[in-house]
Amino acid sequence: MAMDDEIEGKMDQVKGKVKEEVGKATGDRSTEAEGHGDQFKGKAKEALGDAKDALEKGKEAITKS
């Protein structure tokens, strides 16, 4: 499940970068801003996935001891 968040996060970051570059190329500041937002959302999803991984590893360590 955490891997899904990380993958979705990376996809959102790529999508955001593409939107940002399209916005820059066309002079569309709205699209450029959407791109920045998508990148931020992607980074947040990726961080959520990392946190879930860390919690799962911690949980496994506790149950093993």
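No value in this document is a laboratory result; all are computed from the given coordinates. The shown structure was predicted, so the numbers you read here are calculated from the model rather than taken from an experiment. Virtual Cβ from ideal backbone geometry, glycine too; neighbours counted across all protein chains shown.
Assorted remarks:
- Highest to lowest packing among 32-44, 53-65, scored as the average C-beta count within 10 Å: 32-44, 53-65
- Inter-site label distance for Arg29 and Lys43 at 7 Å from Cα along Cβ, in nm: 2.2
- Taking the Cα centre of the chain as origin and assigning +1 to Lys and Arg Cβ atoms and -1 to Asp and Glu Cβ atoms, the resulting dipole is close to 120 debye.
- Acute angle (nearest 10 degrees) that the helix 2-26 long axis makes with the longest principal axis of the chain, alpha-carbon atoms: 10
- Folded to 0 to 90 degrees: helix 29-64 orientation relative to the chain principal axis, Cα: 10
- Rg [Å, one decimal], Dmax [Å, integer] - segment 2-64, C-alpha atoms: 15.8, 56
- Local electrostatic count at Glu8 - Lys and Arg +1, Asp and Glu -1, tallied over other residues with Cβ under 9 Å: -3
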